[in-house]
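Chemist: Encoded as structure tokens, here's the structure I'll be asking about.
FYI, it's all coordinate maths here, none of it is from the lab. This one's a predicted model, so the numbers in the text were calculated from it and none came from an experiment. A quick note on method: Cβ atoms are made from the backbone with ideal geometry, for glycine too, and the neighbour counts reach across all protein chains shown.
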Amino acid sequence: MSATTANQPLEFFVTEDPHAAHGDHGGDHAEHHHETGTMLGFWIYLMSDCLIFGILFATYAVLGGNYAAGPAPVDLFDLDLILISTSMLLFSSITYGFAVLRMDKGDLNGTTIWLIVTGVFGACFLGLEIYEFNHLWHLGATPMASAFLSSFFFLVGTHGLHVASGTLWLIVLLVQLRMHGLTHANKRRVMCLSLFWHFLDLIWIGVFTLVYLTGVLL
Amino acid sequence: MSADTHEGGHGSLKSYLIGFVLSVVLTAVPFWIVMGDVMDNKTLAVVLIFVLGGMQMLVHIHYFLHVTIKAEAGWQVMSMGLTILLLVIVLSGSIWVMFNLEENMMPAHEQIERVRNLP
């Protein structure tokens, strides 16, 4: 065991010992054990993130009707734009799924291409969001204008920041994939980002339902 | 390879496509309801788009996030259950309390009249 670890290149994280649970369990079982630690930990991080979004949703639900004689959702939101950015995020979800499927087949180039497509969709979403925020700002609909706009920018902006960090992570992951190929650690990273990316799409469902559609309807 | 397929559940092409088609439908319908202005009853329309949004969330959890009862020896679904419980308490609690507060802090016209007519 020490001979195999000595031959591996220097890595800047704690490597997981693939044979840690080998002694008392079967080989198949051990295979499960060393993977689950990171994935479950990342899942619990996502759940805590979900609580942050839950609190922001609660804030918006409470304050979203206080316009302070300022603009209301129906004056501000352009649903055509929101429909386009929603489909951008939805397309990026399915293309990420394709990337994971290519990874399962051991196809590095296929994984890279689908991840790049995912990143492009993510960047389009971010571009549309920046355009929307900039547009609102020029109309005078700033976070300072009313409680509705404060909670709106806080909720949608936090989601946008998450998408921006996800896109940054995607770029770093692409570099890692090109440098080291489909190693065990890289596969795990792809699966973690997969959870993160699909989770952000899930949060966006709540955003467009509560903020945009309900806002324009009422 | 066989260990990979049921480990954490990476899904198959078929399951991703089913999830995608369902998501497209569940996105298109609420946007159509609001943008097409198809319903006269606003309350019913809001309830409908929330139900459709909730359904789309379930579709994402099942087809994209691959949450199953067996994954991670049940801890994945357990932590999600706790999160949902906390979310329900935070969301319903905040909305309920703040709605009550608003009702009582901002007296409507008839409430002012009632106070005025007190003996």
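Chemist: Residue A:85: net charge of surrounding residues, Cβ under 11 Å, Lys/Arg +1, Asp/Glu -1, itself excluded?
Modeler: Value of the local net charge: -4.
Chemist: Shape call for the range A:38-217 from the C-alpha gyration tensor, a ≥ b ≥ c root eigenvalues: rounded (a/c under 1.5), prolate (a/b greater than b/c) or oblate?
Modeler: Taking the square roots of the gyration eigenvalues as a ≥ b ≥ c, the range A:38-217 is prolate.
Chemist: Let me ask you something else. In peptide A:180-189, how many Cβ atoms from other protein chains are near each Cβ within 10 Å, on average?
Modeler: Counting Cβ atoms of other protein chains within 10 Å of each residue's Cβ and averaging gives 0.
Chemist: Order by neighbour count: A:103, A:191, B:55, fewest other Cβ atoms within 10 Å first, most last.
Modeler: Least to most surrounded, the residues fall as B:55, A:191, A:103.
Chemist: Over the whole of A:201-214, what's the average partner chain Cβ count within 10 Å per residue? Rounded to a whole number, please.
Modeler: 6
Chemist: Any chance you could tell me what percent of the C-alpha pair distances in chain B go past 26 Å?
Modeler: Across chain B, Cα pairs with separations above 26 Å total 51 percent.
Chemist: Now, a different point. Calculate, in whole percent, how much of the Cα-Cα pair population of the protein assembly as shown lies beyond 24 Å.
Modeler: The proportion of pairs with Cα distances above 24 Å equals 61 percent.
Chemist: Within chain B, which whole H helices from DSSP have a Cα span along their axis of at least 27 Å and a mean Kyte-Doolittle hydropathy of -0.5 or more, if any?
Modeler: Answer set is B:13-35, B:42-63, B:75-105.
Chemist: Summarise the partner chain shielding of B:12-22 as one whole number: the mean count of Cβ atoms from other chains within 10 Å of each residue's Cβ.
Modeler: 3
Chemist: Sort A:142, A:118 by Cβ crowding within 10 Å, fewest neighbours at the top.
Modeler: With the sparsest Cβ surroundings first, the list reads A:142, A:118.
Chemist: Tally Lys and Arg at +1 and Asp and Glu at -1 over the other residues with C-beta under 14 Å from the C-beta of residue A:162: what net charge comes out?
Modeler: So the surrounding residues net to -3.
Chemist: Restrict the search to the range B:60-119; then list the trypsin sites (Lys or Arg not before Pro) that DSSP places in a loop and that have at most 13 other Cβ atoms within 10 Å of their Cβ.
Modeler: B:70
Chemist: Could you list A:102, A:178 in order of exposure, starting from the residue whose Cβ has the fewest other Cβ atoms within 10 Å?
Modeler: Listing A:102, A:178 from fewest to most nearby Cβ atoms yields A:178, A:102.
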